[in-house]
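What follows is a single structure, written as structure tokens, with notes after it.
The values are calculated or read from the model by the stated rules, or taken from the named source; none is laboratory data. Bear in mind the structure is a predicted one, so any value in this text is a computation, not a measurement. Ideal geometry is used to build each Cβ from the backbone, glycine not excepted, and the neighbour counts take in all protein chains shown.
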Amino acid sequence: MLYLNQLGIICALGDSHAEIRQRLFAGESGIAMTDRYSHAGALPLGCVDRVLPSMDDAASPYPPTHRSRNNQLALAALKQIRPAVDAAIAQYGAHRIAIVLGTSTSGIAESEAAFKQRLRNGTFPSEFAYSQQEMGSPAAMLADTLGITGPAYVHSSACASSAKAMVSAGRLIRMGLCDAVLTGGVDSLCAFTVSGFGALASVSDARCNPFSVNRNGINIGEGAALFLMSAQPATVALRGWGESSDGYHISAPDPTGSGAHIAITQALGRAGIGPSEIDYVNLHGTATQQNDAMESHVVNALFGERVAASSTKATTGHTLGAAGAIEAGLCWLSMQDDNPVGCLPPHLWDGAIDSNLSALHLLPSGYQLGRPLRWALSNSFAFGGANATLVLGRE
């Protein structure tokens with residue numbers, strides 16, 4: 001069994017289990033208007049407005065290659081679970097621990113700042129290193145921080161990156177290549193991604209509205225979620241996963257949902273359960289026209305209208321490469337012993353039903369199962385048709 005022993009998480013809702021869970025179940029949103037990353041005026045974004053760990057420790061400052069806001073977010077998540085990670089290293093050995101993460105931005109924000117300076121005065125900042133924006137940067141930084149010598153690498157497959165990273169982590173343990181994995185994802189806001197999605201006409205100028213007839217695009221967010229995964233028993237396990245590739249279009253999903261259907265059914269099959277046993281579905285739910293249409297049809301076809309469902313992207317923002325791990329983290333928080341009545345993440349929207357979508361049981365604030373959440377399924381559907389579904393089970 002692949003257990004998710006510990007979770008470190010930071011997002012627009014906060015930087016602790018207690019704060020994130022309280023705000024999540026209360027139906028609060030961490031999305032706020034800001035012009036920090038947009039030249040065209042303020043946009044609603046899921047920013048992390050917390051003091052992040054310094055990379056200037058006097059005893060051992062981080063080298064330029066590791067310095068980025070993205071890596072600071074990863075360090076903030078690590079800080080929450082550092083004692084458990086250190087204990088795993090002591091128990092298994094540094095060579096038997098792996099790091100597998102997902103990201104899509106890495107240190108692009110640092111490159112943006114460096115090129116702005118170069119345009120102004122003709123030189124890059126002395127502290128700039130191109131490797132700051134390499135996709136492997138967060139894994140390399142965490143490996144150096146922890147002294148881990150096992151496999152350390154990053155998946156970058158857009159919005160499915162960290163879900164796929166968690167799948168890879170599970171495979172490493174099952175193959176006997178390591179005994180524990182630090183896995184999840186991290187992404188940070190930057191002008192490049194905000195402008196890029198704006199160019200695709202995919203960015204909403206108000207809080208996103210998943211599955212509404214009025215939906216008009218995403219809110220981008222940032223954050224990190226790191227799990228310590230091992231075979232040591234814990235409350236929540238990664239019980240199943242599924243992956244597929246549409247190969248349909250560079251940015252649009254296959255409208256038939258065939259790839260999404262494959263990923264979900266594979267995940268259920270690996271978990272050894274049927275659709276009727278799932279208590280809650282965390283929808284990918286980006287609030288774009290095509291993604292929500294496709295996902296509503298697939299989820300309705302597999303689960304009908306009975307299964308409790310919500311998209312949490314109106315709560316945290318769409319954290320891109322970190323979304324799969326952060327949303328798995330919200331499921332993990334909902335499955336802990338201190339939620340005996342089964343409070344579930346609500347679906348924040350205007351309630352305006354789109355008759356062209358298949359019906360879903362979208363949850364209001366304050367919804368409770370009336371018992372502990374046992375089975376949760378989380379979808380991540382990315383550009384290029386990269387699909388990943390995770391099934392978490394409570395032991």
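What the table below lists for this structure:
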read-out: Criterion: modelled with pLDDT under 95, charged (D, E, K, R) and over 19 Å from the mean Cα position of the chain (by Cα) - qualifying residue of ARG82, ARG96, ARG120; value: ARG120
read-out: Test: residue in region 197-220 that is free of Cβ contacts under 8 Å to residues at least 60 places away in the same chain and under 19 Å from the mean Cα position of the chain (by Cα); value: yes
read-out: Among residues of region 145-193, those that are under 19 Å from PHE383 (Cα atoms) and part of a loop (DSSP other than H, G, I, E, B), counted; value: 5
read-out: Number of the condition not met by THR315 [criteria: (1) in contact with a Phe, Trp or Tyr (Cβ under 7 Å, 6 or more places away or on another chain); (2) part of a helix (DSSP H, G or I)]; value: (1)
read-out: Residue among GLY321, GLY370, GLY366, GLY329 that alone is outside any strand (DSSP E or B), touching a helix residue (DSSP H, G or I) at 6+ places or on another chain (Cβ under 6 Å) and at pLDDT 95 or above; value: GLY321
read-out: Test: PRO346 is in a loop (DSSP other than H, G, I, E, B), more than 21 Å from GLY217 (Cα to Cα) and out of contact with any Cys (no Cβ under 9 Å at 6 or more places or on another chain); value: no
read-out: Those residues of region 103-143 which are loosely packed, with under 14 Cβ neighbours inside 10 Å and of a type in the set (Ser, Thr, Tyr), in sequence order; value: THR123, SER126, TYR130
read-out: Criterion: within 24 Å of ALA139 (Cβ to Cβ) and not hydroxyl-bearing (Ser, Thr, Tyr) - qualifying residue of ALA309, ALA382; value: ALA382
read-out: Answer from SER380, SER358, SER296 - the residue that is polar (S, T, N, Q), modelled with pLDDT of 95 or more and assigned to a strand (DSSP E or B); value: SER380
read-out: Within region 1-49, strands (runs of 3 or more DSSP E) holding 2 or more residues that are in contact (Cβ under 8 Å) with a residue 60 or more places away in the chain; value: 2-10, 43-45
read-out: TRP332 being touching a residue at least 12 places away in the same chain (Cβ under 8 Å) and farther than 20 Å from SER168 by Cβ; value: no
read-out: Test: residue in region 102-111 that is assigned to a helix (DSSP H, G or I), modelled with pLDDT of 95 or more, closer than 25 Å to ARG171 by Cβ and within 25 Å of the chain's Cα centre (by Cα); value: no
read-out: Per-region count, region 136-149, residues free of Cβ contacts under 8 Å to residues at least 60 places away in the same chain and out of contact with any Phe, Trp or Tyr (no Cβ under 9 Å at 6 or more places or on another chain); value: 4
